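Worksheet for the structure shown next.
The values are calculated or read from the model by the stated rules, or taken from the named source; none is laboratory data. Bear in mind that the values here come from a model prediction, so they are computed numbers and not experimental data. Note that we place each Cβ from the backbone using ideal geometry, even for glycine, and neighbour counts take in every protein chain shown. We work out accessible area using only protein heavy atoms, side chains counted, and drop any ligands, DNA or RNA first. Shrake-Rupley method; radii C 1.70, N 1.55, O 1.52, S 1.80 Å.
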Amino acid sequence: MKTLSRILAAGVFAAFLAGCTGVNGTFLVDPLIDEDIQVGDFNSWLAHEYQRRTQVERDVDMEWTHAGRLAEKGYAALNGEMVLPWVPSDWNVAPGDMAELDAARARLMAALESGGRQRTPEACAKSQVYYDGWLEQ
């Protein structure tokens, strides 16, 4: 009986740890920050900028949930996925701020989709990450 109790306790503890530290990509925070990202194309710049923002959320703001969400986007960019700026309606945005954020996202999307990712990858990546940071704040 004692052995069974220990096994159950260990299982509950492991599940607790997984639930607490794996929420919203927080397992990815430190590995992304430690990643050596070589920049060049848009996705590599985007990953680099999400890496920078993830570190700020972890070290300055102490916002592990936001850091995890940003790290997920950084790794998606590193893996060559199309990573888009967040949509204001997916966040708890005050109704009075929604129009400004929607308009800013529309301008950003127009710049990205009109060849900005290829012509100015660094500037477009920074713009996307700054927009996401603005929305998150």
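Amide H contacts under 5 Å for T120: none, restricted to partners 5 or more places along the chain or on a different chain, H placed in the peptide plane at 1.01 Å from N. Modelled spin-label separation between E122 and Q38, with each label point placed 7 Å from Cα along the Cα-to-Cβ direction: 1.8 nm. Using θ = phi - 60° in the Karplus curve 6.51 cos²θ - 1.76 cosθ + 1.60, the 3J(HN,Hα) couplings for the range 86-95 round to 4, 9, x, 5, 7, 10, 7, 9, 4, x Hz; x is entered for Gly and Pro. Accessible surface for D30 stands near 70 Å², nearest 10, in the context of the full protein assembly shown (1.4 Å probe).
Computed from label points 7 Å out along Cα-Cβ, the spacing between Q137 and V56 is 0.7 nm. Taken about its Cα centre, the range 53-118 carries a charge dipole of about 240 debye when Lys and Arg each add +1 at the Cβ and Asp and Glu each add -1 at the Cβ.
Compare W91, W134 by solvent-accessible area with a 1.4 Å probe and give them largest first, with all protein chains kept in place.
Details: W91 40, W134 115 Å².
The residues order as W134, W91, largest area first.
Rounded to the nearest Å, what's the spacing between the alpha carbon centres of the range 25-78 and the range 108-136? Just the number, please. Result: 16 Å between the Cα centres.
Accessible area ranking (1.4 Å probe, heavy atoms, ligands and nucleic acids excluded), largest first, for M109, M62: M62, M109. Within the assembled protein chains, the solvent-accessible surface assigned to R105 is about 40 Å², based on a 1.4 Å probe. Taking 17 Å as the cut-off, the amide N atoms of the range 95-123 that come nearer than this to a point 7 Å along the Cα-to-beta-carbon line of L84 belong to 101-117.
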